[in-house]
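Everything below concerns the one structure shown next.
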Amino acid sequence: MSGANDPYDPKQVAALSPAALAAGVAQAREALAKAADLDQLRAAQAAHVGDRSPLALANREIAALPPAAKSDAGKRVNAARTEVRQAYAARLAELEAERDARVLLEESVDVTLPWDRRITGARHPLTTTQELIGDVFTAMGWEVAEGPEVEAEWFNFDALNIGVDHPTRTLMDTFFVAAPDGSADSGLVLRTHTSPVQARVMLTRKPPIYVICPGKVFRTDEPDATHSPVFHQVEGLVIDKGITMAHLKGTLDHMAQAFFGPGIVTRLRPSYFPFTEPSAEPDLLCFVCRGESAGNPNRPCRTCDSEGWIEWGGCGMVNPRVLRACGIDPEVYSGFAFGMGIERTMMFRNNAADLRNIVEGDVRFTQAFGMEA
Ligand code: PHE
């Protein structure tokens, strides 16, 4: 047999030699293993697994082989391609699993993360306290009255029986408003209390009068933990037939309990205000020790300084001179009035120690009260 007539010479097609196929498989395996992600794997697949890969091209050469050689070469190429396809499928599964795990991690939602970095504003506790006071009284049928913050001296003082030589009329306490020409006698002041609203209400409404007036007041005080040149008061005024101090006491007790809880009553200490006669200062039963710290060294109370009671403003029966100045006949009508500081009330109620926090407007302070309706 001559070699020239041999119907099959494997060396005829080099790409189909077992060595060439083995090299093709090895290259393919290496490239697939090196692919670090699905994009790289796709490129490796095109180069080593797809229709234009060396093994695919080798496959095409089979057609050129003599029939006797075709089956052998075909098996070899098939085996090589199957091996590469399996290697590809295995690497694909690996990389897909890696990607899925990464996506799970990257796209998972951490529900404990802050969901909104914008600070939500909160209503100022002074506003909510004033509204609460309004609610307590409107629930009893009272009306809310308002008056100007820049007030006529006559309303702030004269109508309230505060004579020209009264200490509160001096520059010590009062902001006088200068006249446009710069002189001090404009006749206007920044109201030093809410009591001028009493006079305004009596002059504009007919008895029976049941009003509450919360609002800003001004005094020339240096700011410190318990003083501010601007603060808020709430004034109450009742004018009706047969009004006595018992009504005043009952009203104050109701307000105290609405604010500080059942059992927190008031007591009246004799005092003096030009616009009420008799006058008293209401004290609030200490809502922390409920009066038990008084005279009891074993139970000191910081809230009331172990007094058992806390000072809470001023009150009294409206002075007949005030009634007369405001056009109401003291022979027919009598009434009571009271006034207390809203900051002070709020500080007790919300356990705030420093008045400056209330005034300065730092949202971190108001936020703590944000949940209060
Ligand atoms: N206006 C008084 C003050 O500012 C308080 C007060 C109001 C007293 C009403 C009696 C009656 O101190």
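The values are calculated or read from the model by the stated rules, or taken from the named source; none is laboratory data. The structure presented is a predicted model; accordingly, all values stated were derived computationally and were not measured. A quick note on method: Cβ atoms are made from the backbone with ideal geometry, for glycine too, and the neighbour counts reach across all protein chains shown. Ligands, DNA and RNA are stripped out before the accessible areas are found, and what is left, the full protein with its side chains, is counted by its heavy atoms. Shrake-Rupley method; radii C 1.70, N 1.55, O 1.52, S 1.80 Å.
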For this session: Would you mind finding the one in 291, 308 that is in contact with a strand residue (DSSP E or B) (Cβ under 6 Å, 6 or more places away or on another chain), more than 16 Å from the ligand (Cβ to nearest atom) and either of a type outside the set (D, E, K, R) or open to solvent by less than 10 Å² (accessible area, probe 1.4 Å) (or both)?
Result: 291
Exercise. Can you tell me which residues in the range 323-344 are more than 10 Å from the ligand (Cβ to nearest atom) and in contact (Cβ under 8 Å) with a residue 24 or more places away in the chain?
Worked result: 323, 325, 326, 327, 328, 332, 333, 334, 335, 342, 343, 344
Seminar exercise, completed: Counted residues in the range 142-181 being open to solvent by less than 60 Å² (accessible area, probe 1.4 Å), in a loop (DSSP other than H, G, I, E, B) and touching a strand residue (DSSP E or B) at 6+ places or on another chain (Cβ under 6 Å) come to 3
For this session: State whether the residues of the range 269-284 include one that is more than 15 Å from the ligand (Cβ to nearest atom) and surrounded by fewer than 18 Cβ atoms within 10 Å (Cβ to Cβ).
Result: no
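Where in the range 182-263 are there strands (runs of 3 or more DSSP E), lying wholly inside it, with at least 3 residues that are within 16 Å of the ligand (Cβ to nearest atom) and surrounded by 14 or more Cβ atoms within 10 Å (Cβ to Cβ)?
Answer list for the range 182-263: 209-218, 230-240.
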Problem set entry | Among the residues listed as 105, 57, 16, the single one being aliphatic (A, V, I, L, M), over 60 Å from the mean Cα position of the chain (by Cα), open to solvent by 50 Å² or more (accessible area, probe 1.4 Å) and at pLDDT below 90 | 57
Problem set entry | Residue within the range 71-80 that is open to solvent by 70 Å² or more (accessible area, probe 1.4 Å), of a type in the set (Asp, Glu) and under 60 Å from the mean Cα position of the chain (by Cα) present | no
